[in-house]
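Working notes, beginning with the structure itself.
Taken together, the values in this text are just the output of simple stated rules run on the coordinates, not laboratory data. Values in this document were obtained by computation on a predicted structure and should not be read as measured data. Every residue, glycine as well, gets a Cβ built from its backbone with ideal geometry; the counts of neighbours run over all protein chains shown.
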Amino acid sequence: MKRTRTYVVLELALLLSISPFISSGRAVADETISFISREDGTRPIILMNTQGKILKKVITTPGQPSALTWSPDGRSFAYGSRRTGSPDIHVMDISTNTHRQLTFHGSRDIWPAWAPNGKWIAFVSDRTGWMSIYRMDVNGENVKKLTNRGDCGRPAWSPDSQWIAYALAPDKGIYGLFVMDAEGRKTKKIAQNLPHPGCTWSPDGKQIAFISWDAEGRSNIFSTDRNGRNSRQLTQLDLRAYIFQPVWSPSGKWIAYTVAERPAGLGPVPVDQIYAKAVIHVIDTGKGGHEKSIKATKGLLSNSSIEWVPEGFFAVSPSTEKQTTLWGRLKQSENTTK
């Protein structure tokens, strides 16, 4: 029998409101980024606009979140957490103020990705030895394994929910970029030699952005079509730059990603040390795109999970005047922008 654990968390608080963005009529869904910060060791979920202003802060206890993904309507989000011991997938329902645990396998169930049609959540699990991609219904039912041999990175759904792009390292080697249909069939390799497994679809479904090495050996963002044609380099970063987690904005104008500077000297560097000094960038995807840096708060996590916040989230967010919280006790808010 399938188990679904539902619980209410009393310590989740939204500290700042963004109601001015609702009333202004601006395209908030294309201006607001969420990510998980390493701030104070509590891993708050930060909502920030593209000017670097913090709009909301969500503190989750117990069970620090990782790899956040929003539902298409913005009324829920799925995330990875060790809340109950092993890494599992959980969902927060904003309308009911509850959390539900979806996976109970006891293995590492991580990196959820919500399908744009709202029906499925894809995730990565090592329950058969490899870090494979699985798909389940949003209630945790009907789990299906989609990939076989090889370790996979976080899956990315196409806008029509018919395809999944993902990085795969066969035999634990170098990542290649692959595309498969939603049933795990029609698999095709469209790029190779990826230094980081993150990828993202353009909103029109015509392009996939990913990280690869350019002709000079620098790590940069490229885009290609679903068949691996019409490749284009989108960023021009230097050799000292680490680049991670590209994600395309809802309008298609921007790609957000994280950048950290490679420390001087030789030898391996702990990934958390790299992310501690990382910042979020956004780049205009037009020709000769404009790039700008957005200062994050006190460093990012290696699973900081940058996502553009769906517009539907703002419709259920509380107002400044009421000073209420979505998921917990009432707290007074102060402007934490620095």
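Would you mind getting me the FRET efficiency between Asn142 and Glu261? Use the beta-carbon distance for r and R0 = 35 Å, nearest 0.05.
Working: r = 44 Å, r/R0 = 1.26.
That gives a FRET efficiency of 0.20.
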Show me the ranking of peptides 197-203, 215-221, 306-312 by mean Cβ neighbours inside 10 Å, starting with the highest. 197-203, 306-312, 215-221
Amide H proximity to Val138 below 5 Å, modelled H, separation 5+ or other chain, gives Ile121
Listed pairs Lys145/Lys253; Lys56/Lys277; Lys56/Lys206; Lys189/Lys253 exceeding 31 Å between Cα atoms: Lys145/Lys253; Lys56/Lys206
Taking r as the C-beta separation of Lys53 and Lys277 and R0 as 22 Å, the FRET efficiency to the nearest 0.05 is 0.60
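Test of understanding: what is the full-extension gain from Arg185 to Lys206, defined as 0.36 nm times their sequence separation minus their Cα-Cα distance?
Numbers: separation 21, 0.36 × 21 = 7.56 nm, distance 1.94 nm.
Answer, rounded to one decimal: 5.6 nm.
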